[in-house]
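Structure incoming, see below.
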Amino acid sequence: MNIKYIVAGIVCTGLLVSCNDEMNFKEYTQYEKDYVDNSFSRVKALVTNIYTYLDTDFGSYEGAMLASTTDEAEYAYTGNPIYSFINGGWSPVDARGTIWTNSYKAIQQANMFLQDFQGLTFPEEMLNDDYHANMLQYKHFPYETRALRAYFYFNLAKQYGDVPLFTKMITADEVNSLTRTPAQEVFKFIIDECDDIMNDIPMDWGELGSATVNAGRVNRMFVLALKSRATLYAASPLFNTSNNTNLWKQAVAASQAAVDAATSNGYTMGDYAKIWAEDNYKASEIIFAVRMGNSNKYEAYNFPVGVEGGKGGNCPTQNLVDAYEMLNGKSIDETGSGYDQQNPYKDRDPRLSLTVAVNGEKKWPDYNGAELQTYYGGLHGEPLAGATPTGYYLKKMMNRGVVLQAGKTNEKLHNWVTFRTGELYLNYAEAAFKATGSADVVPEGGKMSAREAVNVVRVRVGMPELAVGLSTDAFWKKYENERFVELAFEGHRFWDLRRWKQGDKLKSITEMKITKNVDGTFTYTRKTVSRQWDDKMYLFPIPQSERLKNPNLTQNPGWE
């Protein structure tokens, strides 16, 4: 039977997408269109199932995160598939990642709904008490679906550049004859879609019915945040090859609009520690989060070796640790910073202790009764198998209350943050700086300078404001550093370095080798570890399996 008359794959796996509460997922196998379109709940399930393709990274590569391919982290086990990104094993045959497949599955399902499931009236349900409330929700499904489709196209463009763009259900033959649409045209489609649905998609689905039933669905803030991110990427050097300053101005306006809407609707900057807490979906800053359900896998991957149940996993680099300034706002290598090489973690940016577990730390995790010993020969250090090669273990995004001890094992809720207000301020700062060439000038279409936007993020954690009058080089260094530490392990660094065309920073990382001296003091020695980088890696290779099916798909440069 033709695919357009089958609603295939409405099989929900328990994934919950929410920034407030649970979605009401239904489970189906394969039903004909006529069976689905006479039931509001089945049509809603069709839309809801699109959420199951959203991306997260709690260890997408057998426990390893994309962060471990950047200067954020190093994975403790060299046999992990993540190493193909950094050892030359990456290729069109082994293209890595599921974005291509998952995004197009989601897009096809979105197109199916938009083409075949609009204009329904559900006559058999007209006498039900909830009929009018359900029809009000149904009226907004097309805007929700278009927002999701735009997001999936963004993921494709940022990863592959030019990608096939289509907005209707297509047959297998049509799929296999598509050509690639230029990335800037894809970004324009995304931005235009955001503009077109902005005033129709609800800011709060609770206004359309039960807040519990509709919580977690994409809303107007999601659309504004997506436009902010999409305009920023479109203006960035990887995609803006002609350095069109109008694209930066567009990014200014988009991020300012997103910041304004966030402020007006309660998406305010709050406690940094709550961003990755178990109930982070309730935090005022969270715009959209993917709720993954109860689990302890992330902790099992990353709790320290030497702690029962811990495997080491994604270990923060010295590069990242060095990026955290002193409490006085100076970099550790600045004159007058007060940095002490013998007490290197004292008086540092508070975000360091919320992100990285360091030598000597107590109660990490809570059930670990021993002080963390990451030095050579320590309880949690080399040469133990899986021990941190960098001198550090990961804390951010993990629940310290998870217990992996035999007979006491528990699980906690985990939620992947897709959009939050802190990113919007940083997006604005970058766009404002690039549009004006100054940290202190308020750009056309904006209400604050780049410096002022960065300061909103810094002040939230108690860090000093950036000074007026920084040179362009000095501000960019501060901005890049701020984005590095603020968004660490949130899935941004991998893409930021690519869109900025700063691949050289991926050619090496720095580890910290710690030894304990006989007098109880420690010696800290930096070690540089080389990695492979080639400029072709700015974009992913088009999977060879797709090119075999469709010869019209040209390959990205360098991957031929």
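Mind checking which pairs have a first residue in segment 402-426 that is of a type in the set (Ser, Thr, Tyr) and a second that is in a helix (DSSP H, G or I) and open to solvent by 30 Å² or more (accessible area, probe 1.4 Å), Cβ under 6 Å, 6 or more apart or different chains?
Once the first residue is of a type in the set (Ser, Thr, Tyr) and sits in segment 402-426, its partners that are in a helix (DSSP H, G or I) and open to solvent by 30 Å² or more (accessible area, probe 1.4 Å) give Tyr425/Val456.
May I pose another question? Could you tell me which numbered condition Tyr298 fails, if it satisfies all but one of (1) open to solvent by 10 Å² or more (accessible area, probe 1.4 Å); (2) out of contact with any helix residue (DSSP H, G or I) (no Cβ under 8 Å at 6 or more places or on another chain)?
The failed condition is (1).
Condition check: part of a loop (DSSP other than H, G, I, E, B) and within 17 Å of Thr554 (Cα to Cα). Does Leu165 satisfy that?
Details: part of a loop (DSSP other than H, G, I, E, B): yes; within 17 Å of Thr554 (Cα to Cα): yes.
Yes; evaluated as a whole, the condition is true for this residue.
Keeping to segment 49-82, report how many residues are farther than 27 Å from Lys105 by Cα and of a type in the set (Ser, Thr, Tyr).
Here the count works out to 5.
Then there's this: Tell me whether segment 110-126 contains one or more residues that are under 24 Å from Leu548 (Cα atoms), in contact (Cβ under 8 Å) with a residue 12 or more places away in the chain and not in a helix (DSSP H, G or I). Talk me through it step by step, then tell me what you get.
The initial filter retains those residues of segment 110-126 that are under 24 Å from Leu548 (Cα atoms), namely none.
For segment 110-126, residues under 24 Å from Leu548 (Cα atoms), in contact (Cβ under 8 Å) with a residue 12 or more places away in the chain and not in a helix (DSSP H, G or I): absent.
Please go through (1) among the aromatic types (Phe, Trp, Tyr); (2) under 26 Å from Met292 (Cα atoms); (3) open to solvent by 10 Å² or more (accessible area, probe 1.4 Å) for Phe239 and return the number of the only condition it doesn't satisfy.
Here Phe239 clears every test but (2).
I'd like to verify a number: residues in segment 76-96 that are buried (at least 18 other Cβ atoms within 10 Å of the Cβ) and of a type in the set (Gly, Ala, Ser), how many?
Total satisfying the criteria: 2.
Condition first: among the aromatic types (Phe, Trp, Tyr) and within 19 Å of Gly401 (Cβ to Cβ). Now tell me which residues in segment 273-292 satisfy that. Outline the logic, then answer.
Of the residues in segment 273-292, the ones among the aromatic types (Phe, Trp, Tyr) are 276, 281, 288.
Across segment 273-292, the qualifying residues are Trp276, Tyr281.
State the number of residues belonging to segment 241-276 that are among the aromatic types (Phe, Trp, Tyr), assigned to a helix (DSSP H, G or I) and within 25 Å of Ser449 (Cβ to Cβ).
As a first pass, look at segment 241-276 and keep what is among the aromatic types (Phe, Trp, Tyr): 248, 267, 272, 276.
Now drop any that are not assigned to a helix (DSSP H, G or I), which leaves 248, 272, 276.
Retained after the next criterion (residues that are within 25 Å of Ser449 (Cβ to Cβ)): 248, 272.
Residues that pass the stated criteria total 2.
Of the residues that sit in segment 329-360 and are open to solvent by less than 20 Å² (accessible area, probe 1.4 Å) and basic (Lys, Arg), which one is farthest from Ala73 (Cα to Cα)?
The selected residue is Arg348.
Further, regarding this structure: Starting from residues that are at negative phi, in contact (Cβ under 8 Å) with a residue 24 or more places away in the chain and part of a loop (DSSP other than H, G, I, E, B), keep the ones in segment 449-464 and report whichever is surrounded by the fewest Cβ atoms within 10 Å (Cβ to Cβ).
The qualifying residue surrounded by the fewest Cβ atoms within 10 Å (Cβ to Cβ) is Pro464.
Filter segment 4-40 for residues that are open to solvent by 50 Å² or more (accessible area, probe 1.4 Å) and at pLDDT 50 or above and give the result.
Scanning segment 4-40 gives Gln30, Tyr31, Glu32, Asp34, Tyr35, Asn38.
Table: residues versus (1) assigned to a loop (DSSP other than H, G, I, E, B); (2) of a type in the set (Val, Ile, Thr); (3) without any contact (Cβ under 8 Å) to a residue 60 or more places away in the chain.
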{"site": "Gly79", "(1), (2), (3)": "yes, no, yes"}
{"site": "Trp90", "(1), (2), (3)": "yes, no, no"}
{"site": "Ala133", "(1), (2), (3)": "no, no, no"}
{"site": "Tyr143", "(1), (2), (3)": "no, no, yes"}
{"site": "Gln159", "(1), (2), (3)": "no, no, no"}
{"site": "Gln184", "(1), (2), (3)": "no, no, yes"}
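For Ala73, only one of the following conditions fails: (1) open to solvent by 20 Å² or more (accessible area, probe 1.4 Å); (2) over 30 Å from Asn219 (Cβ atoms); (3) hydrophobic (A, V, I, L, M, F, W, C). What is its number?
(1)
Quick check on segment 495-509. Is at least one of its residues over 28 Å from Phe222 (Cα atoms), open to solvent by 40 Å² or more (accessible area, probe 1.4 Å), of a type in the set (Ser, Thr, Tyr) and touching a strand residue (DSSP E or B) at 6+ places or on another chain (Cβ under 9 Å)?
yes
Evaluate segment 468-487: report whether one residue or more is in a loop (DSSP other than H, G, I, E, B) and surrounded by 13 or more Cβ atoms within 10 Å (Cβ to Cβ).
First, pick out the residues of segment 468-487 that are in a loop (DSSP other than H, G, I, E, B): 468-471, 487.
Those left that are additionally surrounded by 13 or more Cβ atoms within 10 Å (Cβ to Cβ): 470, 487.
Yes - at least one qualifying residue is present in segment 468-487.
Restricting attention to segment 341-358, which residues are more than 15 Å from Val457 (Cβ to Cβ) and either among the basic types (Lys, Arg) or in contact with a Lys or Arg (Cβ under 9 Å, 6 or more places away or on another chain) (or both)?
Within segment 341-358, Lys346, Arg348, Ser353, Val356, Ala357 meet the criteria.
Conditions: (1) open to solvent by 50 Å² or more (accessible area, probe 1.4 Å); (2) more than 28 Å from Ala230 (Cβ to Cβ); (3) in a helix (DSSP H, G or I). Lys408 meets all but one. Number of the miss?
Going through (1) open to solvent by 50 Å² or more (accessible area, probe 1.4 Å); (2) more than 28 Å from Ala230 (Cβ to Cβ); (3) in a helix (DSSP H, G or I) one by one, Lys408 breaks only (3).
Separate question: What about Ala439, is it part of a loop (DSSP other than H, G, I, E, B), more than 30 Å from Leu379 (Cβ to Cβ) and open to solvent by less than 10 Å² (accessible area, probe 1.4 Å)?
Details: part of a loop (DSSP other than H, G, I, E, B): yes; more than 30 Å from Leu379 (Cβ to Cβ): yes; open to solvent by less than 10 Å² (accessible area, probe 1.4 Å): yes.
Here the answer is yes, as Ala439 does meet what is asked.
The values are calculated or read from the model by the stated rules, or taken from the named source; none is laboratory data. Keep in mind that what you see is a predicted model, and the values were worked out from it rather than measured. So basically every Cβ, Gly included, is an ideal-geometry build from the backbone, and we count neighbours across all protein chains shown. We work out accessible area using only protein heavy atoms, side chains counted, and drop any ligands, DNA or RNA first. Shrake-Rupley method; radii C 1.70, N 1.55, O 1.52, S 1.80 Å.
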